[in-house]
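Inspection log for the structure reproduced underneath, given as structure tokens.
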Amino acid sequence: GKGEYDHFMLKEINEQPVSLAQAIEGRIDPINGRIALSDFEPGSFADVDSVQFVACGTSYHAALYGSLTLNQAGVQSTALLANEYSVSAPPIDDDTLVVAVTQSGETADTLNALRRANAEGAHTLTVTNVVGSTAAREADDALFIRAGPEIGVAATKTFSSQAVMLTLLAQRITDDLRGEPPTDLESLLSALDAMPGAIDNLLDDSDAAEIARRYRDSESYFFIGRGLGYPVALEGALKFKEITYEHAEGFASGELKHGPLALVTPDTPVFAIFTGQEDEKTLKNAEEAQTRGAPVIAVCPEDHPAVAIADDHLEIPETDPDLAGLHANVQLQLVSYYAADLLDRPIDKPRNLAKSVTVE
Ligand code: F6R
């Protein structure tokens, strides 16, 4: 049941310290400090020449997160919407690793993409929450995120666990391709270790309910981020629109000036996500919105330069840039939840949506 919580969504948001610990558990080798994924001996990914992620919705945002992490490490990778894959899959060969990311393991679009990849001879891997699901059975290999059952239609804890799982996978692939662990692995490993506790503190101290109240009468809600903040901006907007029914959009920070800025007014709050990747540029982009009257809510650490400039602040801890966006995402999940609650929406079962989409 929901226990002390009014909604499954809030319960599942609050479960993240535990679900993240479960995602990480046993996956960092205590002896050599490297990422250990069962079934994948060191060197398993040494022949991979490119990685394609296929997924839909929130899982696509996690997939994009993983793909950008690989790109930043110098590995060829793309994230593709599974429902577009049948018409426009990039070339595949037997050194292509195709990773299907799906919470349920039953999404028809994602299964179709996986089947196509299998038929074309790619090596396939499913990242899922459901042991025994169709996607887990049909891929060559499977990795389980171990988030526990998710009842709320809006994916929350499973997004963060998918993104962490894909961060681990990206490190393993990079490690195998280079033949040695990346030099910045130590910072990532200590940030992973600290993450469950840091999310616990963030949940205890969040100002998200107050921010949701302050901006409740707005016309549209914009989310901007750069680098690994970009998939988080997309996810922040998807969560917001699906449970509040209010208009919300996510943009790459640098894209704001290429069109969306025309929509910006004092009635369009802009949530700006800072991950430590060219933050000064994102701050400039946010200020361009602020000049047009938009309130800016900076999602960043306490002593970040954005705090002095922004109208409001949602705090995240100082952490590794590979994980900062996932901390920001938890703040944004809470903002969506409280905004939907103020509007009295049926949070766990938004209209027109189903937990698992088994039709094309
Ligand atoms: C949004 C949401 C959906 C799913 C999408 C894919 O909160 O839950 O966008 O992420 O339908 O579902 P799975 O991950 O089960 O393949």
- Taking the Cα atoms of the stretch 272-360, what is the range of coordinates along each of the three principal axes, in descending order and whole Å? 43, 31, 25
- Message: Using Cβ counts within 10 Å as a stand-in for footprinting exposure, how do 220, 38 rank, fewest first?
- Response: 38, 220
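For residue 94 and residue 342, calculate 0.36 nm times their separation in residues minus their Cα-Cα distance, and state this gained length in nm to one decimal. Present the calculation step by step, with values, prior to reporting the outcome.
Working: separation 248, 0.36 × 248 = 89.28 nm, distance 5.13 nm.
Computed gain between residue 94 and residue 342 is 84.2 nm.
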- Amide H partners (placed H, <5 Å) of residue 80, local residues excluded: 53, 54, 55
- In terms of the Cα gyration tensor, with a ≥ b ≥ c the square roots of its eigenvalues, is the stretch 112-196 rounded because a/c is under 1.5, prolate because a/b exceeds b/c, or oblate? oblate
- List the GluC sites (Glu not before Pro) in the stretch 105-167 that DSSP assigns to loop (not H, G, I, E or B) and whose Cβ has at most 16 other Cβ atoms within 10 Å. Which are they? 120
- Inter-part gap, Cα centre of the stretch 11-78 to Cα centre of the stretch 174-215, in whole angstrom, is 14 Å
- Message: Order 163-170, 24-31 from most to least packed using the mean count of other Cβ atoms within 10 Å.
- Response: 163-170, 24-31
- Full-extension gain in nm, residue 262 to residue 140, via 0.36 nm per residue minus C-alpha separation: 39.2 nm
- Note on the structure: Honestly the stretch 206-332 on the Cα gyration tensor test (a ≥ b ≥ c root eigenvalues; a/c under 1.5 rounded, otherwise a/b vs b/c for prolate or oblate) is just rounded
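Going highest first, how would you order 96-102, 139-145 by mean Cβ packing within 10 Å?
On the way: 96-102: 28.0, 139-145: 20.7.
Taking the mean over residues of other Cβ atoms within 10 Å, the ranking is 96-102, 139-145.
To the nearest 20 Debye, how big is the dipole of the chain about its Cα centre, given +1 on the beta carbon of each Lys and Arg and -1 on that of each Asp and Glu?
920 debye
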- For the chain, compute the number of Lys pairs whose alpha carbons are separated by less than 24 Å, excluding pairs fewer than 8 positions apart on the same chain. 23
- Vicinal HN-Hα couplings computed from phi for the stretch 251-267 (Karplus, 6.51 cos²θ - 1.76 cosθ + 1.60; Hz; Gly/Pro x): 9, 5, 3, x, 7, 3, 6, 9, x, x, 4, 4, 8, 6, 9, x, 9
- Message: Please arrange 258, 247 by how many other C-beta atoms lie within 10 Å of their C-beta, fewest to most.
- Response: 258, 247
- Note on the structure: Note on the chain: helices (DSSP H) long enough, at least 30 Å by alpha carbon along their axis, and hydrophobic enough, mean Kyte-Doolittle at least -0.5, are 157-178, 321-342
- Which of the GluC sites (Glu not before Pro) across the stretch 223-314 are loop residues per DSSP, with 13 or fewer other Cβ within 10 Å? 302
- Can you give the helix-only mean residue ellipticity at 222 nm for the chain, where every DSSP H stretch with n ≥ 4 adds -39500 (n - 2.57) and the sum goes over all residues, rounded to the nearest 500 deg cm²/dmol? -14000 deg cm²/dmol
- Item | Prolate/oblate/rounded call for the stretch 39-129, Cα gyration tensor, a/c under 1.5 rounded | rounded
- In nm, spacing of pseudo-spin labels at residue 112 and residue 205 (7 Å Cα→C-beta vector): 4.7 nm
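Laboratory data are not the source of any read-out in this text; all were calculated from the coordinates shown. Note that this is a predicted model, so its numbers are computed, not measured. Glycine gets a Cβ as well: all are built from the backbone with ideal geometry, and neighbour counts include every protein chain shown.
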